[in-house]
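Every number here is computed from the coordinates shown, using simple stated rules; none is lab data. Not measured: the values here are computed from a predicted model. Positions of Cβ are generated from backbone atoms using ideal geometry, with glycine treated the same way; all protein chains shown enter the neighbour counts.
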Amino acid sequence: MQMFAYYPEFLIAEAIDPVHGLPSECEFLPTLAKVKAFLEPRYRRHVHMVEMKERFDRARIEAPKRNPEADARMVQRLKSLSASLGSSLTDAKPKGPEAA
């Protein structure tokens, strides 16, 4: 029964569960092919979840450090843009039905 040694114990327990496992799907003892067909998708899902957790737990790239001078320049440019847009919006004549 080398095949059963390949899969984790919790999957074997799931396979032999009388309510949700192979006994609930077969009238007689399942073939090795049926056992593998039952276990393999669950094993692949388990491996995928382990890989996802490892990827999630891995150290992330550190965020770049803020440059106060660049931040100040950006704030100044945004204020300048806001001021120029504000004056052009107040000078604009309304168009459309609400202008009447």
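What is the packing order of peptides 60-66, 78-84, taking the mean over residues of other C-beta atoms within 10 Å and listing the highest first?
Highest mean packing first, the order is 78-84, 60-66.
Based on DSSP H runs of at least 4 residues, each adding -39500 (n - 2.57), what is the mean residue ellipticity at 222 nm of the chain after dividing by all its residues, to the nearest 500 deg cm²/dmol?
-21000 deg cm²/dmol
Output the relative contact order of the stretch 2-57, whole-number percent, from Cα pairs under 8 angstrom with separation of 6+ residues.
28 percent
For the chain, just the Cα set please: Rg and Dmax, both in angstrom.
Values for the chain (Cα only, Rg and Dmax): 32.3, 87 Å.
For Lys34, which aspartates and glutamates qualify as cross-link partners when the Cα separation must be under 12 Å and same-chain residues fewer than eight apart are set aside?
By straight Cα distance, Lys34 reaches Glu25.
Of the chymotrypsin sites (Phe, Trp or Tyr not before Pro) in the stretch 17-75, which ones lie in a loop per DSSP and count no more than 16 other C-beta atoms within 10 Å?
Listed in order of number, the matching sites are Phe28.
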